[in-house]
1. Are any residues in the range 85-96 under 21 Å from F112 (Cβ atoms), open to solvent by 30 Å² or more (accessible area, probe 1.4 Å) and in a helix (DSSP H, G or I), and if so, which ones?
2. It is to be established whether one or more residues within the range 256-269 are within 16 Å of the ligand (Cβ to nearest atom), assigned by TED's automatic domain parsing to the domain that holds K243 and surrounded by 15 or more Cβ atoms within 10 Å (Cβ to Cβ).
3. Just need a number here: residues in the range 121-134 that are of a type outside the set (K, R) and open to solvent by 10 Å² or more (accessible area, probe 1.4 Å).
4. Checking the structure you have, find out if any residue of the range 126-134 is out of contact with any Pro (no Cβ under 8 Å at 6 or more places or on another chain) and β-branched (V, I, T).
5. Consider R250 against the criteria (1) within 16 Å of the ligand (Cβ to nearest atom); (2) touching a residue at least 40 places away in the same chain (Cβ under 8 Å): it satisfies all of them except one. Which criterion is unmet?
6. Quick one: in the range 122-150, of everything that is β-branched (V, I, T) and part of a strand (DSSP E or B), which residue is nearest to the ligand (Cβ to nearest atom)?
7. Which is of a type in the set (S, T, N, Q), buried (at least 19 other Cβ atoms within 10 Å of the Cβ) and at pLDDT 95 or above, of S156, S176, S151?
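The values are calculated or read from the model by the stated rules, or taken from the named source; none is laboratory data. Computed from a prediction, not measured in an experiment: that's the story for all the values here. So basically every Cβ, Gly included, is an ideal-geometry build from the backbone, and we count neighbours across all protein chains shown. Side chains are part of the model used for accessible areas, which takes the heavy atoms of the whole protein and leaves out ligands, DNA and RNA. Shrake-Rupley method; radii C 1.70, N 1.55, O 1.52, S 1.80 Å.
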Amino acid sequence: MNFIGQHILSVQQFERADIDRLFSVADMMEPYARRQRLTKVLDGAILGNMFFEPSTRTRVSFGCAFNLLGGEVRETTGIQNSALAKGESLYDTARVLSGYSDIIVMRHPEAFSVAEFASASRVPVINGGDGANEHPSQALLDLYTIRKEVSGQGKSIDHLRIAMIGDLKNGRTVHSLCKLMRLYNNLYFTMVAPAELQMQQEVVEMLREAGHTVVVTDKLEESISKVDIAYSTRIQEERFASKEEADRYRGRFRLNQSIYTEFCEPNTVIMHPLPRDSRMEANELDNDLNENPNLAIFRQADNGINVRMALFAMILDVVDQVDSHSRSVNWYTNR
Ligand code: NCD
């Protein structure tokens, strides 16, 4: 696909060659993402960062990525703080906000709402998460992280074994990651979830049709014993009818250092889109893993900057100008 001027609504827009291109631009962003160099290539451009659902990483990293390219960010957070709470339609909001911005990132609690918004927008829209449906930029940064982590072990994405753990029914990050990974060859997926929260059948079938192996289980220990990646997720409480219902599943799959040592291969990479639920009753990824060199969760969050910078640069067609608008930073940096 040609990224220029495009909306990014679903990972199903991509082919493998698109991902390769995006990842090479993300690699090129490294000195800017690490604040060793500055670029002003998007000087004067405005990002409308519209988050109608809670977010820390996605909102801030999209905003920082745009700032790091030299652009300005205008933000709305929470439906209650926007005119959507006064009955304004997504159509009207999109028509108005797209007159104020050069590009928009939007998160919204309803599936497919971002696509509806994009159809009325006059500027490109990136889906920052639409309900339980998709989270394409997270899947891209997850895959970018997977590639980086396993290439250090002499492996490529093809033939990897990955366990996805937790709320696979409601987790949009795993939906997008599976749909993106279907483009690779001969992967071995283990879906670890309580039966009620298992991966949607449609996604399982899509992977099988693409030639991958998919095992569905509710047993953690045996599932993580032969994998390259253990990708843990949070119970998506906000998608349940009540907190009590979510409580039934919280803490069902806990990974800590002693379980890791006993069951995982020595190089298994641990990932999580974050936030990890660190409350005692959940504690899906224990703090005692923090010193484990294979815990990639914070590298994963850092990589979000590179991948989001690459998306902006490609959609706004400035990739070739990034370096010519750059200089080194003025301040001390140890990055
Ligand atoms: C995820 C999300 O919002 O879907 N977080 C994120 O964007 N990094 C995962 C989650 O909230 O559990």
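1. Answer for the range 85-96, where residues must be under 21 Å from F112 (Cβ atoms), open to solvent by 30 Å² or more (accessible area, probe 1.4 Å) and in a helix (DSSP H, G or I): A85, Y91, D92, R95, V96.
2. No: the range 256-269 contains no residue that is within 16 Å of the ligand (Cβ to nearest atom), assigned by TED's automatic domain parsing to the domain that holds K243 and surrounded by 15 or more Cβ atoms within 10 Å (Cβ to Cβ).
3. Residues flagged as of a type outside the set (K, R) and open to solvent by 10 Å² or more (accessible area, probe 1.4 Å) within the range 121-134 amount to 5.
4. No, that holds for no residue.
5. Here R250 clears every test but (2).
6. Once the filter is applied, the top-ranked residue is I126.
7. Numbers: S156 fails: buried (at least 19 other Cβ atoms within 10 Å of the Cβ); S151 fails: buried (at least 19 other Cβ atoms within 10 Å of the Cβ).
Within the list S156, S176, S151, the selection yields S176.
The rows are residues; the columns are (1) closer than 30 Å to V329 by Cβ; (2) more than 16 Å from the ligand (Cβ to nearest atom).
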site	(1), (2)
G44	yes, yes
C64	yes, no
T77	yes, no
A85	no, yes
V105	yes, no
